[in-house]
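Peer 1: Handing you a structure now.
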Amino acid sequence: MDRQVVMEQGLTETLAVPRLSAAARRRQLREKVIAGIVTLVAFTGIAALVLIIVFVAKEALALFLEPEARHEASLSKMFLPQVVRQGKPPAFVWQPVSNVPKVSMIPLFIGTLKTTVVSMLVAVPVGVFGALYAAEFAPRRLRELLKPVIELLAGIPSVVLGFFALMVMATVLQDTFGLHTRLNALVAGIGLALAIVPVIFTVAEDSLTAVPRSYREASLALGATPWETAWKVVLPAAAPGILAACVLGFGRAIGETMIILMASGNAAIVSASLGDSVRSLSATIAAEMGEVVVGSPHYSILFFIGVQLFLFTFVLNMLASAWTKKVIKRLTGSAS
Amino acid sequence: MSLQPHTPRAKMESRELTLRYGTKTAINKVSLAILEHRVTALIGPSGCGKSTFLRSLNRMNDLIPGTNHTGHILLDDTDINDRSVDVVDLRRRVGMVFQKSNPFPKSIFENVAYGLRVGGMKDKAELAARVEKSLRGGALWDEVKDRLNESALGLSGGQQQRLCIARAMAVEPEVLLMDEPASALDPIATAKIEELIHELKAQYTIAIVTHNMQQAARVSDRTAFFYMGELVECGATEQIFTNPREKRTEDYVTGKFG
C-alpha cells in the first residue's frame with residue numbers, strides 16, 4: 001500500500017509541469033512553420049494536377065453541351081461506323097477538317113493499339129530479361145556498367161529516338177520485311193520500344209535486386225541451377241515490381257507522342273496489318289492542335305481525346321494495383 | 001549418451017582446409033571428420049570460421065566473390081571441389097538449413113515441392129506423397145495439413161524454420177548442414193527443432209553450427225571447437241564439455257569468454 005501511495009505522489013508531482021521554456025516554445029513554433037510549408041508545397045503540386053484535369057475536361061465537355069458540336073461529333077459519329085459516301089458501306093473515317101467533318105475515333109484507337117502492342121511486345125521481354133541478366137547473371141563489373149548506361153538511354157530525348165526510327169529503322173525494316181509503306185505501325189512501335197525498354201529495365205532491375213539473397217541461397221542449396229533459381233524463385237518474388245515496371249512502360253507507350261508522330265506515317269487507316277501507317281491518339285493531338293479553331297467542335301474533340309488518354313492510363317493503373325495487391329497477398333499470405 | 005557399438009565412418013571430411021576471403025584467412029588448415037549418422041556440433045565465438053566451414057561443405061561459399069581455398073573436402077572419399085563433381089548434384093546430396101528461416105514466397109506445398117520439382121519430379125501423386133512425408137518428418141504436418149496452399153510466409157517463425165528443414169529433407173540428401181537453425185526462435189520452438197534433430201540422425205548425417213553451448217551439449221554426439229579460424233579440438237561431446245584437452249576449449253565451454 002505504501003508503495004502505491006508513493007507512486008501516486010510521484011504521479012501528481014510529475015503532473016505539475018512547469019511552463020514551457022522559451023527555447024521549447026521556439027522549437028515547437030519552428031516545427032509548425034516547417035510542417036506548414038511542406039504541406040503547402042505538396043498541395044500546390046496536387047492542385048496543379050487537379051486543375052489540369054479540370055481544364056482538359058472542361059474544354060472537352062463543350063462536345064456534349066453545345067448544339068453545333070453535338071451535331072457534328074455525336075457519340076455515334078465518334079464510335080459507330082458512318083456512311084461517308086452514298087452507296088458505300090458505312091466506315092470509320094477520321095477527317096475532321098473536310099467540308100463534312102468525319103470524326104470517328106476508331107482509326108485513332110487502332111493506331112494507338114497497334115503501336116502500343118508492338119512496343120510492349122518488344123520492350124517487356126527485352127526489359128525484363130535484360131534486368132534478369134543484370135541482376136542474376138552479369139559479372140559485377142558489367143552490372144555496374146550496364147545499369148547507368150541503360151538509365152542514360154532513358155534520358156535520350158524522344159525526338160532523337162524518333163529521328164533514328166524515321167531515318168534508319170524505317171529503311172532497315174522496309175528492306176527486311178518488304179513492307180509497302182515506309183513509315184508504319186511496326187517502325188513506330190519498335191521506335192517506341194527504344195523509349196520504354198530503359199523504363200522497364202530500371203524498375204524491374206531494382207525489384208529483382210531487392211529480392212533477399214536468402215531466397216537464392218535456399219534455392220541453390222536445394223540443388224537448383226542458377227537459371228532455375230532466377231526463373232522460379234527470384235522472378236516470381238519480384239512479380240509486383242515487374243508488373244509496376246510494365247505499367248509504367250505502358251503509360252509511357254500510350255502517351256508518347258514525338259516518336260509516333262515522326263515514325264508512324266500518321267495516316268488514320270483502319271486495318272489489321274502492322275505494315276500500314278497509323279495515326280495514334282496522342283500524335284493526333286500534337287499534329288492538329290496547332291491549326292484548330294479555338295472553341296470549334298474539332299478543338300473540343302482533341303481535348304476529348306486527351307481525356308480518353310488520361311482515362312486509359314488511370315484505369316490501367318487501377319487494374320494493375322488491384323492485381324498487384326492480389327499477387328502480394330498470394331505471395332505473403334497477408335494484404336499489405 | 002548411448003553406447004556406440006562401432007566407430008562410424010567419416011561421411012564428410014576436410015583435410016588441411018584453408019579458406020580466404022580475398023587476403024583475409026577465414027579458416028586455417030582445418031582437418032575435421034563428420035561421422036555418418038552422427039550429429040556434429042561446430043561451436044566457437046563469432047567470427048571463428050565455423051559458419052564458413054559449414055558453408056564450404058556444400059560449396060555455398062562459391063557464391064561469394066573473392067573466396068579461394070586450399071586443401072580438400074571429401075564426401076564419401078571424393079573431393080567435392082574436383083572438376084568431375086557437379087555442384088548441383090553435390091547440393092542435392094548435402095542439404096542446408098539457414099540461420100534465418102527463408103521460405104520462398106510461395107505456398108507451403110510449393111515450398112516443400114520446390115526441390116523435387118527442380119529435381120525433375122512431375123507426377124502429382126508422387127509429389128504430394130513426398131511433401132506429406134517431408135512435412136511429417138519436419139514435425140509440421142499436423143499444423144499445416146489443412147492449409148498447404150496458403151503462403152508459407154503466414155507461418156510463425158518456428159513453423160517456418162521447420163518448414164525449411166522439411167524442404168531440405170524433401171530432396172533426401174545424405175548430409176544436412178544446419179547454420180544456427182534455432183538462433184532466431186523462442187525456447188519452445190527451439191525445443192521442437194532439437195527434438196527433430198534427434199530423430200533425423202537415424203537417417204541423415206548432420207552438422208550443426210550453434211552459438212548455444214547447451215544446445216550443442218543436448219543435440220550433438222561430437223563437438224568441434226573453432227577459434228580464430230582454427231579447429232582447436234574435436235571429440236565426443238561429453239568429453240569436450242566435461243574434460244576438454246585444451247585450455248581454450250575449457251575457457252570457452254565454461255563461459256570465460258565467448
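All of the numbers you see were taken from the coordinates with simple rules; none came from a lab. These figures come from a predicted structure and were not determined experimentally. All Cβ positions, even for glycine, are placed from backbone atoms using ideal geometry, and neighbour counts span all protein chains on display.
Peer 1: Give me a comma-separated list of calculated 3J(HN,Hα) values for the range B:84-96, in order, Karplus coefficients 6.51, -1.76, 1.60 applied at θ = phi - 60°, integers in Hz, x for any Gly or Pro.
Peer 2: Calculated HN-Hα couplings, in order: 6, 9, 7, 5, 5, 4, 4, 6, 6, 8, 10, x, 9 Hz.
Peer 1: In terms of Cα to Cα distance under 19 Å, which aspartates and glutamates are near enough to B:Lys124, apart from those fewer than 8 places away along the same chain?
Peer 2: B:Lys124 reaches B:Glu110, B:Glu132, B:Asp146, B:Glu150, B:Glu172.
Peer 1: Of B:Gly66, B:Ser107, B:Gln203, whose Cα points farthest to the positive end of the dipole of chain B (charges on the beta-carbon: +1 Lys, Arg; -1 Asp, Glu; origin at the Cα centre)?
Peer 2: B:Gly66
Peer 1: Report the residue, chosen from A:Met262, A:Met318, A:Met105, that carries the largest GNM mean-square fluctuation when chain A is represented by alpha-carbon nodes joined by springs under 10 Å.
Peer 2: A:Met318
Peer 1: Let me ask something additional. Under a 10 Å cutoff between Cα atoms, tell me which one of A:Ala237, A:Ala165, A:Ala123 has the largest fluctuation in the Gaussian network model of chain A.
Peer 2: In this elastic network of chain A, the residue with the biggest mean-square fluctuation among A:Ala237, A:Ala165, A:Ala123 is A:Ala237.
Peer 1: Could you size up the charge dipole of chain B around its Cα centre, putting +1 on the beta carbon of Lys and Arg and -1 on that of Asp and Glu, and report it in debye to the nearest 20?
Peer 2: 380 debye
Peer 1: In addition: Which lysines have a Cα lying under 25 Å from the Cα of A:Lys88, excluding residues fewer than 8 positions away in the same chain?
Peer 2: Partners within reach: A:Lys77, A:Lys102.
Peer 1: Taking 25 Å as R0, compute the FRET efficiency from the Cβ-Cβ separation of B:Val85 and B:Glu36 and round it to 0.05.
Peer 2: The calculated FRET efficiency here is 0.85.
Peer 1: Assuming 0.36 nm per residue, please report the length gained on full extension of the stretch A:Ala138 to A:Ser214 beyond their Cα-Cα distance.
Peer 2: Extending this stretch completely gives an extra 25.5 nm.
Peer 1: Still on this structure: May I ask for the longest run of chain B untouched by trypsin sites (Lys or Arg not before Pro) that are loop-located per DSSP and have at most 13 neighbouring C-beta atoms (other than their own) within 10 Å?
Peer 2: The answer is B:123-244.
Peer 1: Helix B:157-170 sits at what angle to the longest principal axis of chain B, using alpha carbons and giving 0 to 90 degrees rounded to 10?
Peer 2: Approximately 90 degrees, to the nearest ten.
Peer 1: Cα centroid distance between the range A:132-192 and the range B:143-160, in Å?
Peer 2: Comparing the Cα centres of the range A:132-192 and the range B:143-160, I get a distance of 46 Å.
Peer 1: How much FRET efficiency would the formula 1/(1 + (r/R0)^6) give for A:Ala24 and A:Thr44, where r is the Cβ-Cβ distance and R0 is 41 Å, rounded to 0.05?
Peer 2: 0.85
Peer 1: Continuing with this model, one more query. Please state the relative contact order of chain A as a whole percent: Cα pairs under 8 Å, 6+ residues apart?
Peer 2: So the answer I get is 22 percent.
Peer 1: While we're here: List, in order, the whole-Hz ³J(HN,Hα) value for each residue of the range A:143-159 obtained from phi through the Karplus relation with A = 6.51, B = -1.76, C = 1.60 and θ = phi - 60°; use x for Gly and Pro.
Peer 2: Values per residue, Gly and Pro as x: 4, 5, 8, 5, 5, x, 5, 5, 5, 5, 4, 5, x, 5, x, 5, 5 Hz.
Peer 1: While we're here: In degrees from 0 to 90, rounded to the nearest 10, what is the angle of the helix A:22-65 Cα long axis to the longest principal axis of chain A?
Peer 2: Helix A:22-65 sits at roughly 20 degrees to that axis.
Peer 1: Return the long-range amide H neighbours of A:Val103 (sequence gap of 5 or more, or a different chain), with a cut-off of under 5 Å between placed amide H atoms.
Peer 2: HN-HN under 5 Å from A:Val103: A:Gln95.
Peer 1: Step through the table entries A:Lys232/B:Lys192; B:Lys29/B:Lys192; B:Lys50/B:Lys201, compare each Cα-Cα distance with 25 Å, and write down the pairs that go over it.
Peer 2: Listed pairs above 25 Å: A:Lys232/B:Lys192; B:Lys29/B:Lys192.
Peer 1: Compute the FRET efficiency between B:Asp123 and B:Glu238 as 1/(1 + (r/R0)^6), taking r as their Cβ-Cβ distance and R0 = 60 Å, and round to the nearest 0.05.
Peer 2: 0.85
Peer 1: Just to confirm the number: angle between the C-alpha axis of helix A:106-132 and the first principal axis of chain A, 0 to 90 degrees, nearest 10?
Peer 2: Tilt of helix A:106-132: around 50 degrees.
Peer 1: With the crude spin-label approximation of a point 7 Å out along Cα→Cβ, what separation in nm comes out for A:Val83 versus A:Glu68?
Peer 2: Going by the 7 Å Cα→Cβ label model, 2.7 nm.
Peer 1: For a quick check, take a GNM of chain B with Cα springs below 10 Å and name the residue from B:Val112, B:Val219, B:Val87 with the largest mean-square fluctuation.
Peer 2: Evaluated over chain B, the most mobile residue of the options is B:Val87.
Peer 1: In nm, to one decimal, how far is the A:Ser76 label point from the A:Lys58 one, both placed 7 Å along Cα→Cβ?
Peer 2: Calculated label separation equals 3.2 nm.
Peer 1: Okay, moving on. Can you spot the aspartates and glutamates whose alpha carbon is less than 14 Å from B:Lys247's alpha carbon? Ignore those fewer than 8 places along the same chain.
Peer 2: Counting by Cα, and skipping residues close in sequence, B:Lys247 has these aspartates and glutamates nearby: B:Glu233.
Peer 1: On to the next question. With a sphere of radius 13 Å drawn around the Cβ of A:Ile34, what net charge do the other residues whose Cβ falls strictly inside it have (Lys, Arg +1; Asp, Glu -1)?
Peer 2: Counting the neighbours of A:Ile34, the net charge comes to +3.
Peer 1: Given +1 on the Cβ of Lys and Arg, -1 on the Cβ of Asp and Glu, and no further charges, what dipole in debye does chain A carry about its Cα centre, rounded to the nearest 20?
Peer 2: 500 debye
Peer 1: Okay, moving on. Quick one: 3J(HN,Hα) in Hz for the range A:292-298, Karplus 6.51/-1.76/1.60 with θ = phi - 60°, rounded, Gly and Pro as x.
Peer 2: Result, ordered by residue: 7, 6, 4, x, 6, x, 4 Hz.
Peer 1: Another question, then. Taking the Cα-to-Cβ direction at B:Ile64 and at A:Ala286 and moving 7 Å from each Cα, how far apart do the two end points lie in nm?
Peer 2: Inter-label distance under the simple model: 5.2 nm.
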